[in-house]
1. Tell me, what is the percent relative contact order of chain B, built from C-alpha pairs under 8 Å that lie six or more residues apart?
2. Once a ≥ b ≥ c are taken as the square roots of the eigenvalues of the Cα gyration tensor of segment A:83-331, is the result rounded (a/c under 1.5), prolate (a/b larger than b/c) or oblate (a/b not larger than b/c)?
3. Per DSSP H run of at least 4 residues, take -39500 (n - 2.57); add these up for chain A, divide by its residues and hand me the 222 nm value, nearest 500 deg cm²/dmol.
4. Starting from the Cα gyration tensor of the protein assembly as shown, take the square roots of the eigenvalues, sort them a ≥ b ≥ c, and report rounded, prolate or oblate (rounded when a/c is under 1.5, otherwise prolate if a/b is larger than b/c, else oblate).
5. Under the definition of Cα pairs under 8 Å and six or more residues apart, what whole-number percent is the relative contact order of chain A?
6. For chain B, find the longest principal axis of its Cα atoms and tell me its angle to the long axis of helix B:2-32, 0 to 90°, nearest 10.
7. Kindly state, to the nearest 0.05, the FRET efficiency for residue B:51 paired with residue A:203, given R0 = 51 Å and r defined as their beta-carbon distance.
8. Using Cβ counts within 10 Å as a stand-in for footprinting exposure, how do A:172, A:113, A:194 rank, fewest first?
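Please treat every number below as a calculation from the coordinates, not as lab data. Just so it is clear, the model here is predicted, and its values are computed rather than measured. Cβ: placed from backbone, ideal geometry, glycine included. Neighbour counts: every protein chain shown.
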């Protein structure tokens with residue numbers, strides 16, 4: 001019996017059309033790609049860290065340690081998931097699940113190539129920003145429910161930091177949006193077919209990358225999990241697979257942020273010689289390399305320096321940049 | 001006047017800060033592509049420099065095929081930590097005294113080298129031993145003469 005002859009399947013197809021197939025295939029690809037990508041990125045991170053510090057990094061498991069993170073994942077899967085006493089059991093259980101959701105949903109509107117996009121949305125850029133705010137909520141849940149002072153301080157820092165850095169992030173995005181007049185990812189990329197936006201908006205691009213680094217809680221803005229002060233911040237009490245879900249979300253958010261920067265500033269899939277998807281991947285991983293490079297170069301900021309940097313430097317410059325962009329567009 | 005001065009300082013601070021950040025990035029980029037300096041320890045080992053000061057050991061001389069220790073005890077006397085004990089014996093009357101046991105507890109040794117300097121026969125030197133891990137603190141008490149025989 002053909003499955004498409006079932007009446008309700010027909011109804012679903014009539015309602016959603018080919019979008020349903022795209023969604024199913026896309027989510028399958030994401031579900032396979034995200035953990036493998038995280039395993040790869042953790043290895044790359046450790047290798048970059050090692051070579052910057054003049055040491056080889058992981059070398060033991062597999063040739064040049066390429067299987068190290070897979071073995072780490074197996075080890076984490078085998079560990080006991082401890083729930084400490086006096087915690088808020090429901091929130092403690094929910095937080096690592098909820099933190100992964102935006103990391104998966106954020107992939108939906110990103111256009112990797114002219115044909116590779118799960119769902120074109122009128123508000124694609126806004127969707128990613130709004131879902132990235134959910135991850136902050138789950139960090140707060142994790143910190144609050146752990147009943148641990150380090151977790152709580154880390155979570156409170158995360159909220160303050162993300163509120164501060166979302167403003168320059170959105171302002172620098174706005175200066176691109178008012179140039180292209182659209183929130184659609186593919187149209188933003190198509191507007192850069194001749195000249196990339198980073199040439200028109202270098203200041204906005206730098207502010208965007210700094211702010212996304214802070215949004216992903218990456219060094220030098222990793223006060224959320226500053227291990228010298230807060231053990232490991234909001235996930236101090238998490239063990240085993242729950243801890244690795246936070247880890248998964250952090251690295252996946254990094255890829256999403258780099259994809260956003262590629263779409264907004266680096267011309268998406270445009271480039272000579274290679275097909276679009278390869279160019280997109282090259283640009284994304286270059287940006288991730290830059291973020292890792294920055295992590296192993298700069299020391300961690302103090303909390304007042306972090307806040308001063310957002311409110312006194314990034315936001316005024318982003319506002320001035322937006323103003324100049326608006327005036328120039330109006331005059332032309 | 002004062003506000004414009006403050007604005008200039010603000011811009012200057014941002015520009016000098018950005019420049020110093022770029023310098024830092026350039027330094028780590030150079031490090032990223034320079035050769036690594038560590039070795040994979042249990043498989044490869046570093047050779048120590050001649051100046052390395054391990055615990056002391058007796059020198060094997062070519063003329064006697066063994067050490068020249070006469071058990072005078074100067075090293076035991078000058079040692080600030082009192083970690084050296086020397087025992088010697090005479091095989092026959094009128095002969096030189098020969099060191100038979102030279103016991104040192106190098107867990108308390110400060111590697112000052114006074115014993116090496118004071119030795120009249122110059123039969124002591126610093127070893128290049130650096131893999132000093134033991135299960136008991138009594139394992140750090142060694143007999144240098146025995147060690148000399150065991151390690152040709």
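1. Numbers: 171 pairs, mean separation 37.4, N = 152.
Relative contact order here is 25 percent.
2. prolate
3. Result for chain A: -22000 deg cm²/dmol, rounded to the nearest 500.
4. It comes out prolate by the Cα gyration axes.
5. Here the relative contact order equals 21 percent.
6. Its long axis makes an angle of about 40 degrees.
7. Rounded to the nearest 0.05, the efficiency is 0.40.
8. By the 10 Å Cβ count, ascending, the order reads A:194, A:113, A:172.
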